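**Student:** The structure under discussion is supplied below as structure tokens; questions concerning it will follow.
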């Protein structure tokens, strides 16, 4: 998109001019520039009769090109506007604002507004609940039609939080922070084009002690296929790491050493998961740590050091973890072996050493003796 590029409005796309909710509900989320752009489009909509340049918007709203692009993106994200790119021109399609009830029924919109103006202010904007029984009548009974005609309703959000939370309750899952997790879950569902159930399956798979971990969900989505050849031993390690949850994996490792899992090791497994590492990566950390020392117990400091390295290196799978270990081993093997005899500097005079040998020549010795004699003579005369 450039200032000289042209755009037009979609024909027969006139929307409501009531902008009260634009200021009350949308502006805190999308910002003043995006609101100005939406109002501009409402004011200049011409049923698609004419083409304009984006420079016209820039000049009228006194904004830069990057701000204009960001404003289009925010309006699109909130379903207020859609920008279509053709071969030689753009086209703008406008959407009506949600009513207050529709807006607050959208869990993500409501949470975004709460983050901007606070929960108390949002509560003040919400409408009251009607009292008594509704006196609703069906269309077929009022207008005497044979089949009930369905009323066209606004498309509901694909992420159904109600069903998501109902399934959580059935399987004893809970949020770490519901309001913050909700935004991340919605973003994941939107980016992956998933339903609420597909999102829930991943949340359940990556949960930590029945608590949803959005960070581990993101790690799972970030996994990539590793096109690398592994040795037979490495393949066995990878398969084992992927086969069990860390608690069972560690229990098997310690059983071979006739030991059981300690309470501090249980806490360590929880800490490693909270770093965002997936189970298969944690299992590689456990295996590496136990093989580091000849002990039945984990060296917890070493395990955390390795885990922090994996987090920093963005390791998301057992394959990537094995490659990092292989790379580190190759580097250590390629380093030159340091000599055991190291030269150290000392402030102790050489002549004080027991094996010191005086190798000064006779001429040099005579010169030193003459200097010594002159210095002694000066001292006897008062130092002048």
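The values are calculated or read from the model by the stated rules, or taken from the named source; none is laboratory data. From a predicted model like this one, the values you see are computed outputs, not experimental measurements. Glycine also receives a Cβ, built like all others from the backbone with ideal geometry; neighbour counts cover every protein chain displayed.
**Student:** How many residues, within region 23-35, are over 17 Å from residue 115 (Cβ atoms) and either out of contact with any helix residue (DSSP H, G or I) (no Cβ under 6 Å at 6 or more places or on another chain) or not in a helix (DSSP H, G or I) (or both)?
**Tutor:** The qualifying residues number 2.
**Student:** Keeping to region 236-256, report how many residues are in a helix (DSSP H, G or I) and either outside the structural domain of residue 287 (by TED's automatic domain parsing) or in contact (Cβ under 8 Å) with a residue 24 or more places away in the chain (or both).
**Tutor:** Total satisfying the criteria: 10.
**Student:** If you go through region 248-262 one residue at a time, how many are touching a helix residue (DSSP H, G or I) at 6+ places or on another chain (Cβ under 7 Å) and surrounded by 14 or more Cβ atoms within 10 Å (Cβ to Cβ)?
**Tutor:** 4
**Student:** If you go through region 151-180, how many residues are buried (at least 16 other Cβ atoms within 10 Å of the Cβ) and modelled with pLDDT under 85?
**Tutor:** Counting residues in region 151-180 that are buried (at least 16 other Cβ atoms within 10 Å of the Cβ) and modelled with pLDDT under 85 gives 4.
**Student:** Sticking with this structure for a sec: Does any residue of region 181-195 turn out to be part of a helix (DSSP H, G or I), more than 18 Å from the chain's Cα centre (by Cα) and at pLDDT below 90?
**Tutor:** No, that holds for no residue.
**Student:** Oh, and also: If you go through region 74-118 one residue at a time, how many are under 25 Å from residue 196 (Cα atoms) and loosely packed, with under 13 Cβ neighbours inside 10 Å?
**Tutor:** Residues that pass the stated criteria total 1.
**Student:** Looking only at region 257-294, count how many residues are part of a loop (DSSP other than H, G, I, E, B) and free of Cβ contacts under 8 Å to residues at least 40 places away in the same chain.
**Tutor:** Adding up the residues that qualify gives 9.
**Student:** Can residue 49 be described as assigned by TED's automatic domain parsing to the domain that holds residue 80 and surrounded by 13 or more Cβ atoms within 10 Å (Cβ to Cβ)?
**Tutor:** Judged against the criteria, residue 49 is not a match.
**Student:** When you check residue 307 against the structure, is it modelled with pLDDT of 55 or more, in a loop (DSSP other than H, G, I, E, B) and out of contact with any strand residue (DSSP E or B) (no Cβ under 8 Å at 6 or more places or on another chain), yes or no?
**Tutor:** The answer is no for residue 307.
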